[in-house]
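Taking it in order: structure first as structure tokens, then the write-up.
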Amino acid sequence: MQHQYGISISRACSVVDLHRSMWYYKSKKDDSLVIDKLTELADKKPTRGFDEYFNRIREEGIKWNRKRVLRVYRMMGLKFRRKRKRRLPSRVKEPLFVPSRLNHTWSMDFMSDSLSYGRKVRILNIIDDFNREALAVEPDYSYPGEKVVDILNEIIFFRGRPSAIRVDNGPEFISKCFIEWCDNHDIEIKYIQPGKPMQNAYIERFNRLYREDILDAYIFESLGQLKDLSIDWVNDYNQYHPHSSLRNKSPINYLKLFSLEGTFQRENQTEEERKMSNLALS
């Protein structure tokens, strides 16, 4: 009526018999707390319904009116079935450090490539963070969790067990088989945060070298050819590749140097210092 006839609000209200206070009234309801709470419950328990949400709210000591909570619940569309996505547990960012001994922390990662006729292959890379030594570069067509465990068992048989293994959130590393194997061997799994590959920087740098020298440099006719080239590359890398972070020594030579320095230090230790050092190493 205001726009069509150009009359005042007072005149329009009197014509339609509406009190002006109702025209100017604005709701003071603030449902933001209820919305936040229902959103939190819906994220944690997406398959539950209103009754459980409301009872949980009451169990927390919040005395909201049932009709109010139900009104907001319906307004948010929570009564409709929602698609649920499987979620990873929250990962904690850990600083990347250089271990003080062999077999303290290993790093693992997968790479992908293809043969000349298009068949996909995957490469499992494992290194020791202490001296960046390549423990395994294993190409294959597929890698279920059981195969990853078999390769780890072979390495441990000759080298010993690590205290921890740093991995990403790939399906092989969150599989039940891999997690149970680590629990049985008392090995800590250090998961990096999703989408943060630099939290596993040691293996990422190793992957770059392997890709530049092998995957990007050759066309592979068969899986056997890729395996043969990988074996030769690993031997050269461990024996002769200089690391700036390892005093420009190769992984094997750095390990020898570290052992010699440790022997020299122990020979010059007093008896008390030797006991404390042995206690720390144990």
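The values are calculated or read from the model by the stated rules, or taken from the named source; none is laboratory data. Since we're looking at a predicted model, the values are computed, not measured. Cβ: placed from backbone, ideal geometry, glycine included. Neighbour counts: every protein chain shown.
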If we keep only residues of the stretch 203-245 that are within 11 Å of E133 (Cα to Cα) and among the β-branched types (V, I, T), then the residue surrounded by the most Cβ atoms within 10 Å (Cβ to Cβ) is I203
Odd one out for W181, checked against (1) under 21 Å from P139 (Cα atoms); (2) assigned to a helix (DSSP H, G or I): (1)
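Quick check on the stretch 150-201: of everything there that is basic (K, R) and out of contact with any Gly (no Cβ under 8 Å at 6 or more places or on another chain), which residue is farthest from H104 (Cα to Cα)? Explain how you work it out, then say what you get.
Narrowing the stretch 150-201 to residues basic (K, R): 159, 161, 166, 176, 190, 196.
Retained after the next criterion (residues that are out of contact with any Gly (no Cβ under 8 Å at 6 or more places or on another chain)): 159, 161, 166, 190, 196.
Numbers: R159: 12, R161: 9, R166: 11, K190: 12, K196: 22 Å.
For the stretch 150-201, the residue satisfying everything is K196.
Just to be sure before I move on: is D109 under 21 Å from the mean Cα position of the chain (by Cα) and among the acidic types (D, E) in the structure I sent? Talk me through it step by step, then tell me what you get.
Working: under 21 Å from the mean Cα position of the chain (by Cα): yes; among the acidic types (D, E): yes.
Taking the combined requirement at face value, the residue satisfies it.
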Inspect all residues belonging to the stretch 193-202 and state whether any of them is among the hydroxyl-bearing types (S, T, Y) and buried (at least 18 other Cβ atoms within 10 Å of the Cβ). yes
In the stretch 199-225, what residues are touching a helix residue (DSSP H, G or I) at 6+ places or on another chain (Cβ under 8 Å) and touching a residue at least 24 places away in the same chain (Cβ under 8 Å)? E204, L209, Y210, F220
Within the stretch 226-239, the count of residues that are touching a residue at least 40 places away in the same chain (Cβ under 8 Å) and not aliphatic (A, V, I, L, M) comes to 5
So how many residues does the stretch 19-68 have that are in contact (Cβ under 8 Å) with a residue 40 or more places away in the chain and either under 30 Å from S8 (Cα atoms) or loosely packed, with under 12 Cβ neighbours inside 10 Å (or both)? 0
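Quick grid of which residues meet (1) buried (at least 19 other Cβ atoms within 10 Å of the Cβ); (2) touching a strand residue (DSSP E or B) at 6+ places or on another chain (Cβ under 8 Å):
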position: L115; (1), (2): no, yes
position: K120; (1), (2): no, yes
position: N125; (1), (2): yes, yes
position: I156; (1), (2): no, no
position: G160; (1), (2): no, no
position: E180; (1), (2): no, no
Please enumerate the residues belonging to the stretch 246-275 that are modelled with pLDDT under 90 and exposed (fewer than 12 other Cβ atoms within 10 Å of the Cβ). R247, S259, L260, E261, T263, F264, E267, N268, T270, E271, E272, K275
